[in-house]
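To keep things clear, I will list the structure first and then write my remarks on it.
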Amino acid sequence: MISQFEVPSTLVVGAGASREAVAQLGRIGARRALFVTDAFMVSSGRAGGVVRDLERAGIAVALFAGVQPDPTDANVRDGLLAFASGNCDAVVALGGGSSIDAAKAIAIMTANSGPLSQYQGYHKVPRAGAPLLVIPTTAGTGSEVTKVAVITDTARNVKMMMLDRHLLPLVALIDYELTLSMPASLTAHVGVDTLTHGIEAYVSRKSTALTDPLALECVRLVAENLEAAWSEPSNRPAREGMMLAATLGGMAFSNSSVALVHGMSRPIGAVFHVPHGLSNAVLLPTVTRFSISGAPERYATVARAMRLCGPDASAEAAGALLVDGLARLNARLKVPRLGECPGVERAGFETAVGKMAADALASGSPQNNPVVPAAEDIIRLYGEAW
Ligand SMILES: NC(=O)c1ccc[n+]([C@@H]2O[C@H](COP(=O)([O-])OP(=O)(O)OC[C@H]3O[C@@H](n4cnc5c(N)ncnc54)[C@H](O)[C@@H]3O)[C@@H](O)[C@H]2O)c1
Ligand SMILES: [Fe+2]
């Protein structure tokens, strides 16, 4: 079987990497950059620092700080207007997965006609967009290295997953120092998102020889560093380990795939506005228990990488320890049950769960799962995670 592997052409990694923006944009030949970020990055002063660096180096900046968490097609439209009125020739993103995904969609829409919804799915974007440089501040979605963007289609209330190599950034500046300010709950949620990327990339029916080592190293690094990063925000080695895990996990799932956890997680985000990392975290133990029988050896390898069992444990014992270990990790990180998440309520859930299961299946992600679920299975699993 042949497989294809695509990542950004330049990754600058390590403490201080975010200060390389001027040099890297110079290499691209950018003169006028659209700077895509969110309100917090502006109010915290972080966006201002990078913008000043660019302007001092003679690169004009049009600031677009209108990205909302879990960005929408309206955010993309507004950003595109700012790109045009600033007569920009490149896009820079600073922030978490939301800012980076919005910037990816804006960049492709500078060269492709609307509506954005026609690019939902796999390999649908005809032309490359404006060059994109990204600076992640969470660890993380891995969006800085993926050919994926997730944008909410407001008319259909669906989180659209788009995967296309034209969504890849050209340059990613991966600087763990920017994650030192993440509060504990954000650290936990995006950290379990990272773990889910590693696990799903490894157990996916689309896993490859190139993605397997990246996925397992992602899982190992999360097991080693997430709790320390959560309990000691200024623990630099732990923050560095989590940033590396996020990058490796992104490279892995972007070239393998995500699976049922992500498939079921996006509709929770669309209906109840639960943050992406949290909606993955609440599902991970339940969906893992459902899926193990489809790839017992692979899940056992995950359990070993997380040091939840010794090298000699049987696949069956390792699988049980994995489910238990994931549930205990959630408890230690104070991840609530699905029914306890902010904004989630029972009546709305009962009304929406049929559409949520249909939207999950329509995304294509559940079909990559070791056990491919029917709609009834998905409805039952939402109930089990409640
Ligand atoms: N494209 C991909 O490959 C991919 C993968 C997974 C998830 N996603 C998407 O990414 C989005 C979620 O991104 P996210 O989880 O990184 O969060 P986010 O970008 O939505 O940010 C959440 C909040 O945290 C704040 N924040 C960001 N960095 C911070 C820091 N260093 N210190 C303090 N606060 C900070 C932001 O300002 C925001 O208010 C979702 O839309 C999800 O669907 C994309
Ligand atoms: Fe994710």
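Starting from residues that are under 28 Å from Y176 (Cβ atoms) and among the hydroxyl-bearing types (S, T, Y), keep the ones in the stretch 114-164 and report whichever is nearest to ligand 2 (Cβ to nearest atom). So the residue we want is T141. On inspection, H189 fails the criterion of being in contact with a Cys (Cβ under 8 Å, 6 or more places away or on another chain) and within 16 Å of ligand 2 (Cβ to nearest atom).
The rows are residues; the columns are (1) touching a Pro at 6+ places or on another chain (Cβ under 7 Å); (2) under 30 Å from S279 (Cβ atoms); (3) touching a residue at least 60 places away in the same chain (Cβ under 8 Å).
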| site | (1), (2), (3) |
| --- | --- |
| V22 | no, no, no |
| I28 | yes, no, yes |
| V36 | no, yes, yes |
| S44 | no, yes, yes |
| G48 | no, no, no |
| P69 | yes, yes, yes |
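In this entry, G86 passes the filter for residues that are in contact (Cβ under 8 Å) with a residue 24 or more places away in the chain and touching a Lys or Arg at 6+ places or on another chain (Cβ under 8 Å). If the condition is being part of a loop (DSSP other than H, G, I, E, B), within 23 Å of N368 (Cα to Cα) and without any contact (Cβ under 8 Å) to a residue 40 or more places away in the chain, then the stretch 280-311 contributes no residue at all. Selection of the stretch 236-247 for residues being within 13 Å of ligand 1 (Cβ to nearest atom) and either under 16 Å from V203 (Cβ atoms) or over 14 Å from the mean Cα position of the chain (by Cα) (or both) yields only R239.
Go through the residues of the stretch 356-367 one by one and say whether even a single one is surrounded by fewer than 19 Cβ atoms within 10 Å (Cβ to Cβ) and modelled with pLDDT under 95. Yes, the stretch 356-367 contains at least one residue that is surrounded by fewer than 19 Cβ atoms within 10 Å (Cβ to Cβ) and modelled with pLDDT under 95. Looking only at residues that are in contact with a strand residue (DSSP E or B) (Cβ under 6 Å, 6 or more places away or on another chain) and under 21 Å from L361 (Cβ atoms) in the stretch 158-204, which one is nearest to ligand 1 (Cβ to nearest atom)? By that ranking, first place goes to K159.
Select from the stretch 333-342 the residues that are part of a helix (DSSP H, G or I) and within 22 Å of the chain's Cα centre (by Cα) and list them in ascending order.
Across the stretch 333-342, the qualifying residue is only L338.
Counting only strands (runs of 3 or more DSSP E) that sit wholly inside the stretch 103-172, those with at least 1 residues that are surrounded by fewer than 22 Cβ atoms within 10 Å (Cβ to Cβ) and either touching a helix residue (DSSP H, G or I) at 6+ places or on another chain (Cβ under 7 Å) or at pLDDT below 95 (or both) are 148-153, 158-163. Residues in the stretch 216-252 that are within 15 Å of ligand 2 (Cβ to nearest atom), over 18 Å from G14 (Cα atoms) and in contact with a Ser or Thr (Cβ under 7 Å, 6 or more places away or on another chain): A252 alone.
The residue that is surrounded by the fewest Cβ atoms within 10 Å (Cβ to Cβ), among those in the stretch 8-29 that are among the hydrophobic types (A, V, I, L, M, F, W, C) and assigned to a strand (DSSP E or B), is V13. Every condition in (1) in contact with a helix residue (DSSP H, G or I) (Cβ under 8 Å, 6 or more places away or on another chain); (2) surrounded by fewer than 17 Cβ atoms within 10 Å (Cβ to Cβ); (3) more than 30 Å from H276 (Cα to Cα) is met by R32 except one, and the failing one is (1).
Summed over the stretch 131-150, the residues that are touching a residue at least 60 places away in the same chain (Cβ under 8 Å), of a type outside the set (V, I, T) and more than 9 Å from ligand 1 (Cβ to nearest atom) give a count of 2. Only one of S314, S365 is free of Cβ contacts under 8 Å to residues at least 60 places away in the same chain and within 19 Å of V203 (Cβ to Cβ). Can you tell me which? None of the other options fit; the residue is S314.
The values are calculated or read from the model by the stated rules, or taken from the named source; none is laboratory data. Remember, it's a predicted structure, so these values are computed and weren't measured experimentally. FYI the Cβ positions are ideal-geometry reconstructions off the backbone, even for glycines, and counts take in every protein chain you see.
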